[in-house]
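Report on one structure; see the data block that follows.
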Amino acid sequence: MPRLFSRLVITSMCGLALTACAKTDGPGAAPSPGQQQGPVKIGISLPLTGDFSEPGKGIQEGYQVWADRVNAKGGLLGRKVELIFRDDASDPNRVSSDYESLITQDKVDLVFGPFSSRLVIPAAKVAESYGMVFVEPAGAAKEVFEQGFERLFYAAPAIADDHYDYLADHLIKLPEDQRPKTAAYASLDDPFAQGTAYGLRDRLAEAGIKTVVDEVYPPETTDFSPIAAKIAAAKPDLVVGGTQFEDSVGLVRALQELKVQPKLAAFSTGPTLAEFPDAVKGAAEHIVSPVGWSAASTFTGNEEMVGRYKEMFGGPANEDAANGYTVGQIIEAAVTAAGCADPSKECQDKLTEHIRQGTFDTVVGPLSFDDKGRPEQAHMIQQYVDGRIEIVLPEQAKTADFVYPKQAW
Amino acid sequence: MSLLLQGLALGVLTGGLYALLSSGLSLYFGVMRVVMVAHPAFLFLAAYLTYTVHTVFGADPFLALPVTVPLFFLLGVAVQRLLVARLAPENVPMMSVLLTFGLALTIEGLLGTFYTGSYKSVSMEYATRSLTVAGVHLPYDKIIAFAVAALTLGVLFAVLVKSRFGQALRATIQHREAARLVGVPTERVAGYGFGVGLATAAVGGTVLALITPFFPASHWVWIGKLMAIIVVGGLGSVAGAALAAVLLGVVEGVVLVTVDATWATMMFYVFLFLTLLARPQGFFGGRLAHRF
Amino acid sequence: MRTASRGLPLLAAALAIAYPWLVPNYYLVYAGALTVMYAAMATSWNLLGGFTGYVSLGHSAFFGLGAYGTGLLVTRLDVPWALALPVSALLVTVFAVGVGVAAVRVRGASFVIVSIALVSMMNLVVQGWRSLTGGSTGLQVPSPFPDLHRGQTHMVFFHLFLVLLGLALLSWWYVSRSRFGAGLRAIREDEDKAESLGVPTAAYKVAAFALSALFVALAGGLYALWFGSLDPIFMFSILIGSYMVLMSLLGGVRHLYGPLLGALIVAPAGEYFLIALGETQVHLAATGVLLILVVLFMPEGILSRLTRRRPGPSIPEESAGQRLEGAAR
């Protein structure tokens, strides 16, 4: 009997839910007149705690530097920019709930993306279903662009699989006798980290460079010596790590301890962070990484960003901060061109349309996007040369010569 | 073959470290039937303190120990007196897990607030070189970790076996009521037992800081591993946990070099479940573990 | 008196059903649905925790398995969602029976450890089995109601979770009045004595374990259909399991409505902490301190504190046997 009753309730409720949707506060509703005068509210959820908190913080700083600059110049369309941050604790449940509340409760005018491919997909789902344009600084894994999102754009030069393109080109073009013959790959089980390493692996394997070790380790891994032992046993010319920070340091140390001396060592993400050289002591020399941004580049606004960052946070800017700043620059250009910054469908459509068509001058160089929101440029390759980060590839952007083979660590 | 040997050697060294890291857990369980989920969080608290001593004063990380060991001892006594002892006795095994879980969250939150979420690491010159014996590389940092673990555990055993306090502690572990009847101040001893347990966390944290970078949420990874070790060893048995730690370290090392990292971590849980099915009281635990 | 105790739950149920129409925006519908989901999970956790006293921190394993089961059936085998949901929940229940046989061999602390290990293990399996589950890339589950916009989907799932909560509450109530429930209570009070009196303790414990896994798995399945993207490290998180425990304890594990009340407090409080203190990690510490305070000062929960006369069905607060045992210590 209670069962029957509850079944009755559920059917009638479902019916009601389908028909009665009297909420007028979703985006697309006419903005109240007062809203246009107030500040431009931008809602952002970032992993300030939990597994991804490290890069999350960099991106937050990038957003703040951007907002600071825009406000110093008088704001967006004459309105001050106000950033509203939420901590998602590296949890997709929270990410959704954050964007849900930012969009429908705080009624923000715009949203910026969170960090990590793992959090970008749930976040983009929310933004997409409320029709908000979604420019994100960190969802580079190719799966992000396979979800059919129509308003998502990745604000960096290239997606994960293409990060090492310049390095692959360079190695393949080396004369036969200098070319590496074997390569070992170790990657964190993470869509982004694996994307970078496998992008390179597939290119090199095609060119005949043999894969001798291909390891995947879960994020819980703290001890890298056994993985290094496997690599040591295979004596590869090339060691490639699909890494974030913690594991890149662990791997470098373990490889040193087990006396693996490859001709080239490449790690994603880790070496681009300021803490890296200290964490691995002298071993950073000649390590290469793909990087979407360089402190020394002369792209639009880069110098200003680096200076303002130092002023606000007292240290050198990093790639995460640059990516956050890039998001700001793209939105800024789109808002200025479209002449609106509100959550109405009309305005968000205009912004989306503009971003899809345009090319944007940013601190990571000119950016444009394909119809899935993928950026169409390429990452540079950085290398530690004489203890400093230098851009070594491609030719036209290089600040120092590519050193190969690397010195022993 | 040499790869297998290498895996074996690394496993033994890592196992030694696991023994140090899990010894505190056995003590808490012994004296109070408490599963201290916050133990790994305290390990990283110690790691952060070591980091501060190292970066602010430029001192060798091990010089942090004279500060952190007594501090953690007092902290341990305080945790026992102010928190654990307040639980209703019939609820201790279950409620203490939740209590210490709350403690772990609090520590993580505070670490994140004071040190931010960034990775920190302490790296010494000697931490990247290794000793080569018959083609097998033994990293110095792992040798140091093993040596420190062996030394600490040696001192711990000596204290437990030789000193009056150790006798009282063991009596409390074996049979609390009987110990009280023969005049052991079990309440105070339990407090000191916690103190000693956390003191091992201070040492363990310093060693961890040397060999791996860390951030506030790092402790989660360790909870499952260390718990599996103390169950396999037999809850409450310090010696059992030490042996189980080396055993699991070796299994992990060998599986890592022959299969992969996922299976290596899985081994901890496989052994945990096998232990429960075959011998629920663990290899070295007595009647005690079965009851609780 | 009688009408009040009958009428109050009915009124509350009516209010709950009307909730999505009473709030001003969809975020509150979404947060409400999450809260009801947690309430349903905490209530079913309490089928094990409240009756037997066994604290499982690992119920998120069943949540994750229920979600992945449903998601995989829908995406890989094209099973209609309404069928995938119960099938997956039943499979998880069978699995729980297997785990239960091993897990309930140990008591107290060991049991808690096993429950924690279960979550980590399932996380490793699902993350490592990339070809089936998508691994760290995650599993995307298509919405069962593609024609509804997001807010409407929230409303539908709010009511589905409400139904699940109703089922869990009914089961608890039914068990509390049954012979089975009396046996479970005996286990809580003194397991050895219960066994010697002829209560089939092992079978009862496994049954309670499996029953409580069933509803959590159903919640997981609904979550998969609602949320649409699953990621192993988040589905199998000890934090989710610990929320169920915190909610039950805070409300009162011996009361039918205890976990529900706990969920109504903890879920919104969590959201509040995050919004108020969201820019630093202080909110984690705040959650931790809250848990410590509850465990230290209100281990019997709010309902036991508030009322001498219990407002709803509940487990007797203290038995003679327990008193004796306490006196003996």
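The values are calculated or read from the model by the stated rules, or taken from the named source; none is laboratory data. It should be emphasised that the depicted structure is a prediction, and the values quoted were computed from it without experimental measurement. So basically every Cβ, Gly included, is an ideal-geometry build from the backbone, and we count neighbours across all protein chains shown.
Overview of results
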quantity	calculated
Residue match in segment B:99-120 (condition: out of contact with any Leu (no Cβ under 9 Å at 6 or more places or on another chain) and within 13 Å of B:Leu210 (Cα to Cα))	yes
Hey, A:Phe149 away from chain C (no Cβ under 11 Å), touching a strand residue (DSSP E or B) at 6+ places or on another chain (Cβ under 9 Å), free of Cβ contacts under 8 Å to residues at least 40 places away in the same chain and at negative phi or not	no
Within segment C:119-129, tally of residues that are facing chain B (nearest Cβ under 10 Å) and over 16 Å from B:Gly224 (Cα atoms)	3
Segment A:65-112: number of residues that are within 12 Å of chain C (Cβ to nearest Cβ) and either buried (at least 24 other Cβ atoms within 10 Å of the Cβ) or on the phi < 0 side of the Ramachandran plot (or both)	25
Verdict on A:Lys345 being of a type in the set (Lys, Arg) and under 23 Å from A:Ile84 (Cβ atoms)	yes
Residue check for A:Met305: away from every other protein chain (no Cβ under 14 Å), under 20 Å from the mean Cα position of the chain (by Cα) and touching a residue at least 40 places away in the same chain (Cβ under 8 Å)	yes
Residues of segment C:11-32 satisfying the condition of being touching a residue at least 40 places away in the same chain (Cβ under 8 Å) and at the interface with chain A (Cβ under 10 Å from one of its Cβ atoms)	C:Ala13, C:Ile17, C:Pro20, C:Tyr26, C:Val29, C:Tyr30, C:Ala31
Test result for C:Leu48, in contact (Cβ under 8 Å) with a residue 60 or more places away in the chain and either in contact with a helix residue (DSSP H, G or I) (Cβ under 7 Å, 6 or more places away or on another chain) or among the aliphatic types (A, V, I, L, M) (or both)	yes
Lone qualifier among B:Val69, B:Val97 - being in contact (Cβ under 8 Å) with a residue 60 or more places away in the chain and within 7 Å of chain C (Cβ to nearest Cβ)	B:Val97
Scan of segment C:58-84 for residues that are crowded, with 19+ Cβ neighbours inside 10 Å, more than 19 Å from C:Arg130 (Cα to Cα) and hydrophobic (A, V, I, L, M, F, W, C), ordered by number	C:Phe62, C:Phe63, C:Trp81, C:Ala84
Residues satisfying the stated conditions in segment B:54-68, i.e. under 22 Å from the mean Cα position of the chain (by Cα) and β-branched (Val, Ile, Thr)	B:Val67, B:Thr68
Given (1) under 19 Å from the mean Cα position of the chain (by Cα); (2) away from chain C (no Cβ under 14 Å), index of the condition B:Leu103 fails	(2)
Lone unmet requirement of (1) within 14 Å of chain C (Cβ to nearest Cβ); (2) closer than 30 Å to A:Trp409 by Cα; (3) not in a loop (DSSP other than H, G, I, E, B) for B:Ser118	(3)
Residue check for C:Val114: among the β-branched types (Val, Ile, Thr) and within 7 Å of chain B (Cβ to nearest Cβ)	yes
Failed criterion for B:Pro139 (all others in (1) surrounded by 23 or more Cβ atoms within 10 Å (Cβ to Cβ); (2) more than 10 Å from chain C (Cβ to nearest Cβ); (3) modelled with pLDDT of 90 or more hold)	(3)
Subset of segment A:235-253 that is more than 9 Å from every other protein chain (Cβ to nearest Cβ) and of a type in the set (Gly, Ala, Ser) - its residue that is nearest to the chain's Cα centre (by Cα)	A:Gly242
Residue in segment B:224-243 that is within 13 Å of chain A (Cβ to nearest Cβ), in contact with a His (Cβ under 8 Å, 6 or more places away or on another chain) and under 28 Å from A:Glu275 (Cβ atoms) present	yes
Any hit, segment B:222-237, residues being at pLDDT below 85 and in a helix (DSSP H, G or I)	no
Filter pass, A:Gly324 being surrounded by 16 or more Cβ atoms within 10 Å (Cβ to Cβ) and in a helix (DSSP H, G or I)	yes
Residue in segment C:136-146 that is touching a Ser or Thr at 6+ places or on another chain (Cβ under 6 Å) and part of a helix (DSSP H, G or I) present	no
Residue satisfying condition, being surrounded by 20 or more Cβ atoms within 10 Å (Cβ to Cβ), within 14 Å of chain A (Cβ to nearest Cβ), under 15 Å from C:Leu48 (Cα atoms) and not acidic (Asp, Glu), within set C:Ala168, C:Ala219, C:Ala186	C:Ala168
Residue within segment C:142-159 that is surrounded by fewer than 23 Cβ atoms within 10 Å (Cβ to Cβ), more than 28 Å from C:Ala18 (Cβ to Cβ) and over 20 Å from the mean Cα position of the chain (by Cα) present	yes
Residue that is farthest from A:Lys230 (Cα to Cα), among those in segment A:159-187 that are among the polar types (S, T, N, Q) and surrounded by fewer than 20 Cβ atoms within 10 Å (Cβ to Cβ)	A:Gln178
Residue match in segment B:96-114 (condition: surrounded by fewer than 18 Cβ atoms within 10 Å (Cβ to Cβ) and in a helix (DSSP H, G or I))	yes
All positions within segment A:258-289 that are within 12 Å of chain B (Cβ to nearest Cβ) and either within 18 Å of the chain's Cα centre (by Cα) or at pLDDT 85 or above (or both)	A:Leu258, A:Lys259, A:Val260, A:Thr269, A:Gly270, A:Leu273, A:Ala274, A:Phe276, A:Pro277, A:Ala283, A:Ala284
Test result for A:Phe115, within 22 Å of C:Phe227 (Cα to Cα), modelled with pLDDT under 90 and either away from chain C (no Cβ under 13 Å) or surrounded by fewer than 24 Cβ atoms within 10 Å (Cβ to Cβ) (or both)	yes
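Yes or no, residue by residue, for (1) among the aromatic types (Phe, Trp, Tyr); (2) over 21 Å from A:Tyr99 (Cα atoms); (3) at pLDDT below 90:
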site	(1), (2), (3)
A:Glu304	no, yes, no
A:Asp349	no, no, no
A:His354	no, yes, no
A:Phe369	yes, yes, no
A:Leu393	no, yes, yes
